[in-house]
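Here, each number is a calculation from the coordinates, and none is a lab measurement. Predicted, not measured: the structure shown is a model, and the values here were computed from it. Note that we place each Cβ from the backbone using ideal geometry, even for glycine, and neighbour counts take in every protein chain shown.
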Amino acid sequence: MVLMTLEEEAAANQAKALVTRSQRDEVPEIKQRAIIEMATTILIYKFTHLSRKEVEAMLGITEVKLEDTRFYQDVKAEGRQEGRQEGRRDGLLSLLQIQVSQKFGSLDERLQAPLTLLDSEQLEELARNLFNFAELTDLET
């Protein structure tokens with residue numbers, strides 16, 4: 001935890017020493033990984049301008065990959081979740097545009113543009129209500 005309070009250079013030196021000590025001493029692998037993950041996470045936050053490879057090099061990590069750390073896995077999972085949400089929204093928009101075209105014909109840009117600004121929940125609500133629309137003015141409203 002002291003790493004968080006140190007200046008960048010001192011934090012890097014202390015983190016490297018901590019990782020080296022955990023690898024040199026007879027520290028169980030699970031504790032060694034926890035130490036490496038903690039040090040890596042702190043340095044990633046401290047050195048936002050450095051790449052993953054640069055942080056690995058700074059710590060002297062060779063056999064443990066950053067991809068194996070909990071931090072990396074969490075960031076990757078968040079990215080996947082955001083991608084799923086974006087994909088769901090894009091799919092809903094595409095389906096809604098098809099449904100509207102089937103029901104009312106091609107939409108001009110004046111009606112098309114506002115649809116692209118809706119979030120997933122709004123698109124879903126509009127798709128449900130579309131079946132109740134009798135005229136294009138219902139959609140406009």
In nm², what is the average projected area of the convex hull enclosing the Cα atoms of segment 1-110?
10.7 nm²
From Cα pairs below 8 angstrom and at least 6 apart in sequence, can you work out the relative contact order of segment 1-140, rounded to a whole percent?
17 percent
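Given charges of +1 on the Cβ of Lys and Arg and -1 on the Cβ of Asp and Glu, with all other atoms neutral, how large is the dipole of segment 1-134 about its Cα centre, in debye to the nearest 20? It would help to have the intermediate numbers written out before the result.
Details: 18 positive and 23 negative charges, 45 e Å.
So the dipole magnitude of segment 1-134 works out to roughly 220 debye.
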Give a residue-ordered list of calculated ³J(HN,Hα) values for segment 103-110 (Karplus: 6.51 cos²θ - 1.76 cosθ + 1.60, θ = phi - 60°; whole Hz; x for Gly, Pro).
7, 10, x, 4, 9, 7, 4, 4
So, relative contact order of segment 1-84 in percent, Cα under 8 Å, 6 or more apart, is 28 percent
How would you rank 97-103, 37-43, 17-23, 113-119, highest first, on the average number of other Cβ atoms within 10 Å across their residues?
37-43, 17-23, 97-103, 113-119
